[in-house]
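The values are calculated or read from the model by the stated rules, or taken from the named source; none is laboratory data. Predicted model only: the values in this text are computed from it and were never measured. Reconstructed Cβ throughout: ideal geometry from the backbone, glycine too, with neighbour counts over all protein chains shown.
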């Protein structure tokens, strides 16, 4: 029974990371997630490992520096990564490196479920909408978006929410268990990567890969496609033996990607539209109108850079009022991307620690599964971070924290 509860906790962490409800985005939600873990993993808490203590000590050292530089103490901010690190430790103690297989299994099931609901949304949209609204668990997450509804494993009405949205799509975009399709595509891309890594970069599990690819296509997400292209280049590189071909492959792949992005309307339009955004325009508009804005990726990164220049050492930490985008309690220009958030909130110290951890994770994951993952895993996380801030959600944070929390076991090849 104890093992079953722990496995259910893993599902809780995964669904929580989809951020599809107001509860999953709240302070109370993270506290409940942490307290639930404290109860479920009470035995693990009795024999705390040295690696966990080191990880917590590093975070607390950063927090002290941050508190000194911003002249303020923010206990909830301190607790965010105490909770995240402990959640990662609990899942690491439960699965070890098999965590990546369990994650892939869960995303496979959620992908299949999402394809079923997408089919219903195409065939009987009114009936599905009625069903979703009846069992809606969003907690009025997007109050002004009446069509938004989620049942945790599937979400509808996510159009116009977030920055990775395609307008007037003939086929409903698949948001899966997330608040919109973009982050769902990122979770799928990571599942594809782990499937290939665990199979030593071989296309062994074709049925599962087909489901992943089909689901990713239904998201119609720019970020998801970028991550998929990176995986394809990496996979091609790992199968090319001759140095001449290995040198020619990257520029050829880049040329193909550029061609595809310029010919596919929703990819091209999305990139051009966001690249033209000026963060100063959003700041001025927010001040003059009193409305909040969530600019695209490029403007968000620029906003994060402005915050970084103001607080370069340890970022603004838990005091969001120090952000350039903060006008007042109801008026904010928000940084939507993970990269902008990291450099602005955690400064140079946090950014360097994050880079070290993701490269360490890539190296150890590759070594464990006997596959070349040292650079592709960090690259995938950076691509995802450019688009979304899910890299700090408990499930994704576990991916780049786990190798620092558990010992490396013997190399594994093939399905776990």
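Residues in region 345-365: is at least one outside any helix (DSSP H, G or I), over 18 Å from residue 95 (Cβ atoms) and in contact with a helix residue (DSSP H, G or I) (Cβ under 6 Å, 6 or more places away or on another chain)?
No - not one qualifying residue is present in region 345-365.
Of the numbered conditions (1) over 20 Å from residue 353 (Cα atoms); (2) out of contact with any helix residue (DSSP H, G or I) (no Cβ under 9 Å at 6 or more places or on another chain), residue 90 satisfies every one except a single condition; which is it?
(2)
Applying the selection to region 319-344, what residues are assigned to a loop (DSSP other than H, G, I, E, B) and either under 22 Å from residue 397 (Cβ atoms) or touching a residue at least 60 places away in the same chain (Cβ under 8 Å) (or both)?
The answer is 319, 323, 334, 335, 336, 337.
Identify, from the list 341, 393, the residue that is within 17 Å of residue 77 (Cβ to Cβ), modelled with pLDDT under 95, under 17 Å from the mean Cα position of the chain (by Cα) and buried (at least 19 other Cβ atoms within 10 Å of the Cβ).
Selected residue: 341, the only one of 341, 393 that is within 17 Å of residue 77 (Cβ to Cβ), modelled with pLDDT under 95, under 17 Å from the mean Cα position of the chain (by Cα) and buried (at least 19 other Cβ atoms within 10 Å of the Cβ).
For residue 153, all conditions in the list (1) in contact with a helix residue (DSSP H, G or I) (Cβ under 6 Å, 6 or more places away or on another chain); (2) assigned to a helix (DSSP H, G or I); (3) closer than 30 Å to residue 369 by Cβ hold save one; what is the number of the exception?
(2)
Yes or no, residue by residue, for (1) surrounded by fewer than 23 Cβ atoms within 10 Å (Cβ to Cβ); (2) assigned to a loop (DSSP other than H, G, I, E, B):
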{"site": "202", "(1), (2)": "yes, yes"}
{"site": "211", "(1), (2)": "yes, no"}
{"site": "216", "(1), (2)": "no, no"}
{"site": "223", "(1), (2)": "no, no"}
{"site": "227", "(1), (2)": "no, no"}
{"site": "230", "(1), (2)": "yes, no"}
{"site": "233", "(1), (2)": "yes, no"}
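Restricting attention to region 128-139, does a residue exist that is free of Cβ contacts under 8 Å to residues at least 12 places away in the same chain and either within 28 Å of residue 190 (Cβ to Cβ) or touching a helix residue (DSSP H, G or I) at 6+ places or on another chain (Cβ under 9 Å) (or both)?
Yes - at least one qualifying residue is present in region 128-139.
Out of region 366-387, which residues are within 19 Å of residue 237 (Cα to Cα), in contact (Cβ under 8 Å) with a residue 40 or more places away in the chain and in contact with a helix residue (DSSP H, G or I) (Cβ under 6 Å, 6 or more places away or on another chain)?
369, 371, 372, 373, 376, 377, 379, 380, 383
With the structure loaded, tell me whether residue 89 is buried (at least 21 other Cβ atoms within 10 Å of the Cβ), within 18 Å of the chain's Cα centre (by Cα) and either over 30 Å from residue 213 (Cα atoms) or without any contact (Cβ under 8 Å) to a residue 60 or more places away in the chain (or both) or whether it fails that test.
Spelling it out, it is not the case that residue 89 is buried (at least 21 other Cβ atoms within 10 Å of the Cβ), within 18 Å of the chain's Cα centre (by Cα) and either over 30 Å from residue 213 (Cα atoms) or without any contact (Cβ under 8 Å) to a residue 60 or more places away in the chain (or both).
Could you grab me the full set of residues in region 24-78 that are in contact (Cβ under 8 Å) with a residue 12 or more places away in the chain, surrounded by 16 or more Cβ atoms within 10 Å (Cβ to Cβ) and assigned to a loop (DSSP other than H, G, I, E, B)?
41, 74
Kindly establish whether residue 158 is free of Cβ contacts under 8 Å to residues at least 24 places away in the same chain and under 24 Å from the mean Cα position of the chain (by Cα).
Numbers: free of Cβ contacts under 8 Å to residues at least 24 places away in the same chain: yes; under 24 Å from the mean Cα position of the chain (by Cα): yes.
Yes, satisfied.
Condition first: under 21 Å from the mean Cα position of the chain (by Cα), modelled with pLDDT under 90, buried (at least 19 other Cβ atoms within 10 Å of the Cβ) and not in a helix (DSSP H, G or I). Can you find one or more residues in region 295-318 that meet it?
yes
Check off (1) at pLDDT below 95; (2) over 18 Å from the mean Cα position of the chain (by Cα); (3) under 18 Å from residue 16 (Cα atoms); (4) surrounded by 14 or more Cβ atoms within 10 Å (Cβ to Cβ) for residue 140 and give me the number that stays unchecked.
Condition not satisfied by residue 140: (4).
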